[in-house]
């Protein structure tokens, strides 16, 4: 087991949060990370809010037990349902979710004050992005759409091609073609990728969207938020950056799928399977 003392802890229901980890490592290359994918219980997006809170607290407990000094909730559904509970349990360390930074970036990017958000059923149904955006600017109109199939195709590695493009058109055309949901007040000029799986589909999404639409990738915005928070936390230990890999099931599948989201391949033996 790698000593993770002083590391940044990152958790997700599975591998989608690796897009957040990838962004974090790009801006904080000297940091040590512990990544936990709760692969035994994915997806969180179809679970009740109570279950997501319980799972998130268990993930956080496992990471805090390894001495982390900052916790990143690299899951939109967990950020929507469990961020308050996590901050109450661990008031002594920064707890950073993906929704607040993504909402702030979207409000900053939008010129027409009409923003679209796509995510899992749990994230969209809970209204967390809608509420976070309108707390920042009550004049903004938010159009939200659950796009659950994007998670499945992303994990299959189908990030481009006719099938994925057809799914994207089915989800997005009613919003961006000026149809019934997009007509009043014009179509959105900003699209928030409200699931950590979705950045790997960005090229396909861009191909079916109008050219004026700005994509907001919450992975990059979270990395910036963590960088701002770190001065308030304990200083990192000296040495090279590293990652301790944890999963709750299926090390072989985790290793195989990780390359899609991380941009590099892992070996099953790199991943420690833990019981929460």
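May I ask you to verify whether residue 83 is surrounded by fewer than 18 Cβ atoms within 10 Å (Cβ to Cβ) and touching a residue at least 12 places away in the same chain (Cβ under 8 Å)?
no
Exactly one condition in (1) over 25 Å from residue 70 (Cβ atoms); (2) surrounded by fewer than 23 Cβ atoms within 10 Å (Cβ to Cβ) is not met by residue 126; state its number.
(1) is the only condition that residue 126 fails.
Can you name every residue in segment 261-276 that is part of a helix (DSSP H, G or I) and either closer than 18 Å to residue 55 by Cα or touching a helix residue (DSSP H, G or I) at 6+ places or on another chain (Cβ under 6 Å) (or both)? I'd like the intermediate steps shown before the answer.
Narrowing segment 261-276 to residues part of a helix (DSSP H, G or I): 261-262, 268-270.
Selection gives 261, 262, 268.
Given the criterion touching a helix residue (DSSP H, G or I) at 6+ places or on another chain (Cβ under 9 Å) and either over 19 Å from residue 275 (Cβ atoms) or buried (at least 24 other Cβ atoms within 10 Å of the Cβ) (or both), identify the matching residue among 77, 39.
77
Would you check which residues across segment 43-62 are outside any loop (DSSP other than H, G, I, E, B) and surrounded by fewer than 24 Cβ atoms within 10 Å (Cβ to Cβ) and list them?
Initial filter on segment 43-62 (outside any loop (DSSP other than H, G, I, E, B)): 44-46, 49-62.
Scanning segment 43-62 gives 46, 49, 50, 51, 53, 54, 57, 58, 61, 62.
In segment 235-268, what count of residues is obtained for those that are surrounded by fewer than 13 Cβ atoms within 10 Å (Cβ to Cβ), modelled with pLDDT under 90 and on the phi < 0 side of the Ramachandran plot?
Qualifying residue count, segment 235-268: 5.
Out of 207, 116, 109, 168, report the one residue that is touching a residue at least 12 places away in the same chain (Cβ under 8 Å), crowded, with 21+ Cβ neighbours inside 10 Å and farther than 30 Å from residue 252 by Cβ.
Going through 207, 116, 109, 168 in turn, the sole match is 116.
Among the residues in segment 56-77, are any without any contact (Cβ under 8 Å) to a residue 40 or more places away in the chain and touching a strand residue (DSSP E or B) at 6+ places or on another chain (Cβ under 9 Å)?
Taking every residue of segment 56-77 in turn, none turns out to be without any contact (Cβ under 8 Å) to a residue 40 or more places away in the chain and touching a strand residue (DSSP E or B) at 6+ places or on another chain (Cβ under 9 Å).
For segment 74-124, which residues satisfy the criterion of being part of a strand (DSSP E or B) and either modelled with pLDDT of 95 or more or more than 11 Å from the chain's Cα centre (by Cα) (or both)?
Scanning segment 74-124 gives 95, 96, 97, 114, 115, 116, 117, 118.
Does at least one position in segment 204-227 carry a residue that is at pLDDT 90 or above, assigned by TED's automatic domain parsing to the domain that holds residue 29 and more than 19 Å from the chain's Cα centre (by Cα)?
No, because not a single residue in segment 204-227 is at pLDDT 90 or above, assigned by TED's automatic domain parsing to the domain that holds residue 29 and more than 19 Å from the chain's Cα centre (by Cα).
The values are calculated or read from the model by the stated rules, or taken from the named source; none is laboratory data. Remember, it's a predicted structure, so these values are computed and weren't measured experimentally. Every residue, glycine among them, receives a Cβ derived from its backbone with ideal geometry; neighbour counts consider all protein chains shown.
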